[in-house]
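The values are calculated or read from the model by the stated rules, or taken from the named source; none is laboratory data. Being a predicted model, the structure only gives us computed values, none of them experimental. Neighbour counts are summed over all protein chains in view; Cβ atoms, including those assigned to glycine, are modelled from backbone coordinates with ideal geometry.
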Amino acid sequence: MFFPSANPWVEGDTLGEHLESRGVSRRDFLVFCGEMGAMLGLSSLVTPKMAQALSQVRRPSVIWIQLQECTGCVESFIRTSDPSIGDVVLDLISLDYSHTLMAASGSAAEEALQSAMQQNHGNYILVVTGSVPLNEGGIYTTIGGRTAKTILEEAGEGAAAVLAVGACAHWGSVQAASPNPTGAVGVDQIIKDKPVVNIAGCPPIADVITATIFHYLTFGRLPELDYDKRPMFAYGARIHDQCPKRAHFDAGQFVQRFDDEGARKGWCLYEVGCKGPATFSPCPIIQWNDKTDWPIGAGHPCIGCTERAFWDTMTPFYGRLPGVAGFGVESTADTIGLALAVGATAGVAAHAVATGVHRVREKSGKQLPIHPDNGKEG
Ligand code: SF4
Ligand code: SF4
Ligand code: F3S
């Protein structure tokens, strides 16, 4: 296990010293480390070591830029349940630029961005929400007279790592839906020479963002990623394989209309459009808003928002996924999942293959299905 004894991030107190000065107790810090470790799929036995390592690092400079987007991802992030926004912004990281969260505006905000990039050149974590419109010279999103592409290229140049947060930054999301009038693309289509992590979802679960930063600080490297640059600890398992309605799916008990008896009984939402069999996300486990609920828990089908191009490949949202002849108690998750995936897209099919790989590994005892990184850290 690699724990950095020092890091190149911002000058000043270590995180441990900073937390002490802020009155954060050792116990609360250990609880936070334990929860982050659990999210990463790590044993609670390594919590004290992680806490020790994390307390010795200096808070990283984080620059957060927002491009062509709706601000929903920032709204989601500031509702992170643990730690609270105060803990994240003031304690774990040094948020040196965010035009939504900072007090400055206009030219003062632009100067703050330039200053933060210069002072932390080569060391800061760049968080990006929003897509990059390329058509018409990029005029569809300009800030301070500069296009989103220019802003991203400048900010990316001095970054140590880049987190593309949300479907817009991941691949373009609704703006990139056919016919994609603005020519929207994701961050990794522009930044090719830096590690880019896609925190998928529209919006993503805030705790996944926090856990990714936690991993980076604690282990000195980014978490293991899947074929679409998404962290495996969060996107390594299908919703369908973690869903509390799965027993109804296997029993052939389906909601046919949102006001029918099946809906009242909480049956499976596959027939009314659920894309959970073709979607990889931790929503059933981590959930939203302090674990109060998630789309399927609230009676709404998953629309596949963590999957690339879901506006084109997962629509109509209330239509059944194509290519499935029928199923019931005789069907297995793998036969159904594979059939669905083949009927959808290449990206979805790749996921079905990934599921098969996970299952084979699980049966062979070589690797756990949800978090393949599990055990390798130790
Ligand atoms: Fe908004 Fe969704 Fe884009 Fe986030 S990913 S900025 S919530 S449209
Ligand atoms: Fe859950 Fe959707 Fe799968 Fe039904 S189809 S079990 S609601 S994920
Ligand atoms: Fe998105 Fe489906 Fe979760 S729509 S929020 S991946 S349940």
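Within segment 274-292, track down each residue that is farther than 15 Å from Ala234 by Cβ, more than 9 Å from ligand 2 (Cβ to nearest atom) and surrounded by 17 or more Cβ atoms within 10 Å (Cβ to Cβ).
Ala278
Kindly check whether there is at least one residue in segment 265-273 that is in contact with a Cys (Cβ under 8 Å, 6 or more places away or on another chain) and either part of a strand (DSSP E or B) or under 27 Å from Val197 (Cβ atoms) (or both).
yes
If Ile78 passes every condition in (1) over 20 Å from Val24 (Cα atoms); (2) modelled with pLDDT under 85; (3) among the hydrophobic types (A, V, I, L, M, F, W, C); (4) in contact with a helix residue (DSSP H, G or I) (Cβ under 6 Å, 6 or more places away or on another chain) but one, which one does it miss?
(1)
If I filter segment 260-268 for residues that are in contact (Cβ under 8 Å) with a residue 40 or more places away in the chain and not hydrophobic (A, V, I, L, M, F, W, C), do I get at least one hit?
no
Could you list, in sequence order, the residues of segment 132-168 that are closer than 18 Å to Glu111 by Cβ and in contact with an Asp or Glu (Cβ under 7 Å, 6 or more places away or on another chain)?
Passing the criteria: only Gly144.
Would you check which residues across segment 275-306 are over 23 Å from Arg264 (Cα atoms) and either more than 8 Å from ligand 3 (Cβ to nearest atom) or polar (S, T, N, Q) (or both) and list them?
Passing the criteria: Ala278, Thr279, Phe280, Ser281, Pro282, Ile286, Asn289, Asp290, Thr306.
Mind checking which pairs have a first residue in segment 155-168 that is in contact (Cβ under 8 Å) with a residue 24 or more places away in the chain and a second that is within 16 Å of ligand 1 (Cβ to nearest atom) and among the small types (Gly, Ala, Ser), Cβ under 7 Å, 6 or more apart or different chains?
Correct list of pairs: Ala164/Gly186; Gly166/Gly201; Ala167/Ser173; Ala167/Ala200; Ala167/Gly201; Cys168/Gly130; Cys168/Ser131.
For residues that are away from ligand 1 (no atom under 14 Å from the Cβ) and either under 16 Å from the mean Cα position of the chain (by Cα) or more than 19 Å from Val255 (Cα to Cα) (or both), tally how many sit in segment 265-292.
Residues in segment 265-292 being away from ligand 1 (no atom under 14 Å from the Cβ) and either under 16 Å from the mean Cα position of the chain (by Cα) or more than 19 Å from Val255 (Cα to Cα) (or both): 12 in total.
Quick check on this structure: which one of Ile199, Ile213, Ile151, Ile190 is without any contact (Cβ under 8 Å) to a residue 60 or more places away in the chain and more than 16 Å from ligand 3 (Cβ to nearest atom)?
Ile190
When you go through Pro231, Pro223 one by one, which is the residue that is out of contact with any Phe, Trp or Tyr (no Cβ under 8 Å at 6 or more places or on another chain) and closer than 19 Å to Gly41 by Cα?
Going through Pro231, Pro223 in turn, just one is out of contact with any Phe, Trp or Tyr (no Cβ under 8 Å at 6 or more places or on another chain) and closer than 19 Å to Gly41 by Cα: Pro231.
Quick one: in segment 250-273, of everything that is surrounded by 24 or more Cβ atoms within 10 Å (Cβ to Cβ) and more than 14 Å from Ile303 (Cβ to Cβ), which residue is nearest to ligand 2 (Cβ to nearest atom)?
Per the stated criteria, the residue is Cys268.
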